[in-house]
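A short write-up of the structure that comes next.
The numbers here are math on the coordinates, done by the rules we state, and not lab data. Computed from a predicted structure; not experimentally measured. Every residue, glycine among them, receives a Cβ derived from its backbone with ideal geometry; neighbour counts consider all protein chains shown.
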Amino acid sequence: MTNLSGTIRDIIADHRAARHVAGSGASCSCGAEGLSDHPAHVAEQIIDRLGLKPEKIDEAKKQIRYATAWLNWELTTLEGAQC
């Protein structure tokens with residue numbers, strides 16, 4: 001088992017739905033109460049624990065755009081050299 005899958009497995013194990021009471025939502029083994037959407041609660045915990053923040057995604061997109069622009073420039077330069 002990889003480290004990432006082990007981490008996700010641990011998060012899921014720590015956040016089991018404890019009970020669902022009509023009108024008040026579900027409880028989680030982590031102590032959260034009144035959850036209307038327990039799977040969303042678990043997903044948020046995974047995102048938080050792994051540090052998957054929108055800021056990091058935006059930074060990765062910037063880096064991809066930079067690399068793409070650089071590659072396009074290199075290809076343009078190579079094409080000009082072949083003419």
What number, rounded to the nearest 500 deg cm²/dmol, is the helix-based mean residue ellipticity at 222 nm of the chain, given -39500 (n - 2.57) per DSSP H run of at least four residues and division by all its residues? -22000 deg cm²/dmol
With an 8 Å Cα cut-off and a minimum separation of 6 or more residues, compute the relative contact order for the stretch 1-52 in percent. 25
Only counting other Cβ atoms within 10 Å, I'd like ILE11, ILE47 sorted with the fewest neighbours first. ILE47, ILE11
Give the residues of the stretch 45-74 whose amide nitrogen is closer than 20 Å to a point set 7 Å from the Cα of ALA81 in the direction of its Cβ. 67-74
Of the listed values [x] 11.8; [y] 8.8; [z] 6.5, identify the label whose number matches mean projected area of the Cα convex hull in nm² calculated from this model. [y]
Between CYS30 and residues 5 or more places away or on another chain, the pairs with built amide H atoms under 5 Å apart involve ARG16
Which is farthest toward the positive dipole end of the chain among TYR66, ILE47, ALA81, measuring Cα position about the Cα centre, with Cβ charges +1 (Lys, Arg) and -1 (Asp, Glu)? ILE47
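For a quick check of your reading of the filter: which GluC sites (Glu not before Pro) in the stretch 21-64 sit in a DSSP loop and have no more than 15 other Cβ atoms within 10 Å?
Working: sites: GLU33, GLU44, GLU55, GLU59; in loops: GLU33.
For GluC sites (Glu not before Pro) across the stretch 21-64 that sit outside H, G, I, E and B with at most 15 neighbouring Cβ atoms in 10 Å, the list reads GLU33.
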